[in-house]
Amino acid sequence: MRFLLLIGFVALLTSCNQKKEVKVETDQNMMVKQSEMAALMLKMFDENAKNKQLVLKGDFPKDYPQEFIKLHTAVLTDENDRDVAFKGYSDFYLMQQKILYNLTDKDSLIPQHNQVINSCISCHQVKCPGPIPRIQKLLIK
Ligand code: HEC
C-alpha cells in the first residue's frame with residue numbers, strides 16, 4: 001500500500017514525464033502548489049493557442065506579453081533543469097516569439113507561428129518531453 005502511494009506521488013510530481021499525461025493534468029489541478037515555471041508555461045500555451053486562431057484568420061498577434069521574459073527566472077519544479085542548454089533554448093524561443101509579434105507580412109504569419117511552436121518543442125525534447133503531444137496541436141499543418 002505504501003509502495004502504491006509512493007508511485008502515485010511520483011506521477012504527480014513529474015509533469016515532464018511521458019506517461020499518463022491526461023491523468024497528471026487532472027492531478028495537477030488539485031495540487032496546491034504549481035511551480036512558477038509551470039504556470040508561466042500554461043500562459044505561453046494559452047497565448048499561442050490564441051495566436052493560432054488569429055494567424056489562421058490572417059490577423060497579426062498584438063501586444064507581445066512582456067512577462068514571457070520570466071522564462072529566465074521563474075522557479076522550476078526541478079532547478080537542475082536550468083543549465084546552458086535551457087538558456088539557449090529560452091533565448092531562441094523568446095526571439096522567435098518576438099518576431100511573430102513584429103511581423104508586417106501576412107504570408108509569414110503561418111511559417112513564423114510554426115517556428116515559435118517548434119522552438120517550444122526543441123526545448124521540450126531535451127527538458128520536458130511529457131507535454132509535446134499537447135504542444136504539437138498548436139502547429140498549423
Ligand atoms: C527553455 C525550455 C522551454 C521552452 C522554450 C518551453 N518550455 Fe514548456 N516547459 C519547460 C520545462 C522545463 C517545463 C516544466 C516546468 C516545471 O515543472 O517547473 C515545461 C512545462 C510545460 C508545460 C506543462 C505545464 C504543467 O502543466 O505542468 C506545458 C503545457 C508547456 N511547457 C508548454 C510550452 C509551450 C506551449 C511552449 C512554447 C510557447 C514552451 N512550453 C516552451 C521547458 C520549456
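Some notes on this structure:
- Projected label distance in nm at ASN118 and LYS98, using a 7 Å step from Cα toward the beta-carbon: 2.1
- Considering only CYS123, ALA74, ILE110, and ranking their Cα positions along the charge dipole of the stretch 34-136 that arises from unit charges at the beta-carbon of Lys, Arg, Asp and Glu, the one farthest toward the positive end is ILE110.
- Summing +1 for each Lys or Arg and -1 for each Asp or Glu among the other residues whose beta-carbon sits under 10 angstrom from that of PRO61 gives 0.
- This ranking places MET95, MET37 by how few other beta-carbon atoms lie within 10 Å of each, fewest first, which gives MET95, MET37.
- With a simple spin-label model that places each label point 7 Å from the Cα along the Cα-to-Cβ direction, the separation between ALA74 and LYS141 comes to 2.9 nm.
- Dipole of the stretch 34-136, positive end: most advanced residue of ALA49, ILE99, PHE86 [Cβ charges, Cα centre]: ALA49
- Evaluating 6.51 cos²θ - 1.76 cosθ + 1.60 at θ = phi - 60° for every residue in the stretch 40-45, the Karplus couplings come out as 4, 4, 5, 5, 4, 4 Hz, glycine and proline recorded as x.
- The lysine pair count for the stretch 34-136, using Cα distances under 16 Å and pairs eight or more places apart or on different chains, is 16.
- In a reduced charge model with +1 at each Lys and Arg Cβ and -1 at each Asp and Glu Cβ, the stretch 29-100 shows a dipole moment near 280 debye about its Cα centre.
- Applying 1/(1 + (r/R0)^6) with R0 = 25 Å to the Cβ-Cβ distance of ARG134 and ASP91 gives a FRET efficiency near 0.60.
- Nearest-0.05 FRET efficiency for ASP107 and GLU67, computed from C-beta distance (R0 35 Å): 0.75
- Shape analysis of the stretch 34-136 places it in the prolate category; the axes a ≥ b ≥ c from the Cα gyration tensor give an a/c of at least 1.5, with a/b above b/c.
- Whole-number percent relative contact order across the stretch 34-136, with pairs defined as alpha carbons under 8 Å at least 6 apart: 29
We did not get these values from a lab; they are worked out from the coordinates using the rules stated. Remember, predicted model here, so these are calculated numbers, not experimental data. Cβ: placed from backbone, ideal geometry, glycine included. Neighbour counts: every protein chain shown.
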